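Bear in mind these aren't lab numbers, they're just calculated from the coordinates by the rules spelled out. Quantities reported herein were computed from a predicted structural model and do not represent experimental measurements. Note that each Cβ is placed from the backbone with ideal geometry, even for glycine, and that neighbours are counted across all protein chains shown.
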Amino acid sequence: MKRLHRLNTLLAALSLSVASGFAAAQAQADTLRVGMSGGYFPFTFVERNELKGFEVDVLNAVGEITGDDIEFVTASFSGLAGMLDSGRIDTIANQITITPEREAKYVFTAPYVYDGAQVVVRAGNDTINGVEDLSGKTVAVNLGSNYEQLLRELPNADEIDIRTYESNVEQDVALGRTNAFIMDRVSATQVIKERGLPLELAGQPFTVIENALPFRDDEAGNAQRDRVDAALAELRDNGTLREISEKWFDTDITQQPE
């Protein structure tokens with residue numbers, strides 16, 4: 001009888017241990033709500049009702065490592081920061097550039113995209129070769145983006161007619177309704193290549209940008225940042241980030257330039 005009692009006690013303890021381990025695994029498999037516009041090709045865009053792009057592939061790869069279920073939430077770009085602040089999403093994956101203002105408010109992962117801000121014009125426009133030539137010109141930019149801020153900080157900003165759009169800033173330039181738009185260099189190159197629009201890059205990028213994932217600066221946000229940051233480091237080390245970048249850009253934009 002004593003042996004049977006000890007056996008039952010052992011089985012009960014083992015059952016409790018397995019149940020506790022299963023509960024812990026469930027607790028770690030969280031849902032990570034990722035906000036994006038779905039309108040910034042090729043980082044995030046919708047094709048045949050399917051959300052695609054570099055950011056989508058990267059976050060799905062992160063989820064495979066962390067065990068999180070990735071839930072993509074699309075909204076206008078200008079509203080994503082408010083959604084993060086209010087807790088409706090956990091982070092934003094929409095080529096978010098690290099800036100001093102954003103660092104004062106959010107906690108960021110390490111950068112996973114290195115790029116440059118680029119002036120783009122209609123093909124054949126030889127009057128604009130960089131930001132110094134934007135005075136007296138109409139320039140399109142995504143509303144609330146870092147590029148809007150960069151434009152407004154230029155020494156000649158007061159002389160530029162800045163027009164903000166939620167998405168598709170390239171259309172007005174291609175149609176001749178505005179003189180130029182500002183976008184990151186790699187996206188602009190892909191837009192011109194894939195969509196066949198009559199556009200061309202004007203000069204070299206006028207500033208270097210580093211993109212990362214922002215999280216709320218609280219206990220939960222810091223924990224999410226640390227988990228995702230570790231996953232991004234693993235994806236960088238095993239070459240997955242490079243493969244995703246080459247899929248969408250034909251080059252690796254995930255490594256810091258030497």
Using only Cα atoms and rounding to the nearest 10 degrees, what angle (0 to 90) does helix 185-195 make with the longest principal axis of the chain?
80
Which residues does a label at T31 reach in the range 76-107, if reach means a backbone N under 18 Å from a point 7 Å past the Cα toward the Cβ?
83-93
What is the helix-to-structure angle for 240-249, meaning the angle in degrees between its Cα long axis and the longest Cα principal axis of the chain, kept from 0 to 90 and rounded to the nearest 10?
30
Between helix 2-28 and the chain, what is the angle of the helix's C-alpha long axis to the longest principal axis, kept within 0 to 90° and rounded to the nearest 10?
10
Can you find, among T189, A110, P205, the residue farthest towards the positive end of the dipole of the chain? Put +1 on the C-beta of Lys and Arg, -1 on that of Asp and Glu.
A110
Listed by chain and number, the residues whose amide H is under 5 Å from that of T207, excluding neighbours fewer than 5 places away on the same chain and using placed H, are A117
Whole-Hz Karplus couplings 3J(HN,Hα) for the range 42-59, θ = phi - 60° and coefficients 6.51, -1.76, 1.60, Gly and Pro as x, run x, 6, 7, 7, 10, 9, 6, 6, 10, 6, 9, x, 4, 5, 4, 5, 5, 5
Karplus (6.51, -1.76, 1.60) ³J(HN,Hα), θ = phi - 60°, over the range 154-165, in Hz, Gly and Pro reported as x
5, x, 9, 4, 5, 9, 9, 8, 8, 10, 9, 9
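Add +1 for every Lys or Arg and -1 for every Asp or Glu among the other residues with Cβ under 12 Å from the Cβ of Q95, and state the total. Before the final figure, lay out each step's value.
Working: positive: R185; negative: E55, D115, D184, E210.
Net of charged neighbours comes to -3.
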For the range 114-209, calculate the relative contact order in percent as a whole number, restricting contacts to Cα pairs under 8 Å that are 6 or more residues apart.
49
At 7 Å along the Cα-to-beta-carbon direction for both R236 and D217, put a label point, then send me their distance in nm to one decimal.
2.2
What ³J(HN,Hα) values, in whole Hz, does the Karplus curve 6.51 cos²θ - 1.76 cosθ + 1.60 give for the range 92-100 when θ = phi - 60°, with x put for Gly and Pro?
10, 10, 8, 6, 7, 7, 6, 10, x
Counting sequence-distant residues (5 or more places) and residues on other chains, those with an amide H built under 5 Å from that of I160 are G136
Taking trypsin sites (Lys or Arg not before Pro) as exposed when in a DSSP loop with at most 15 other Cβ atoms inside 10 Å, the chain has its longest clean stretch at 178-258
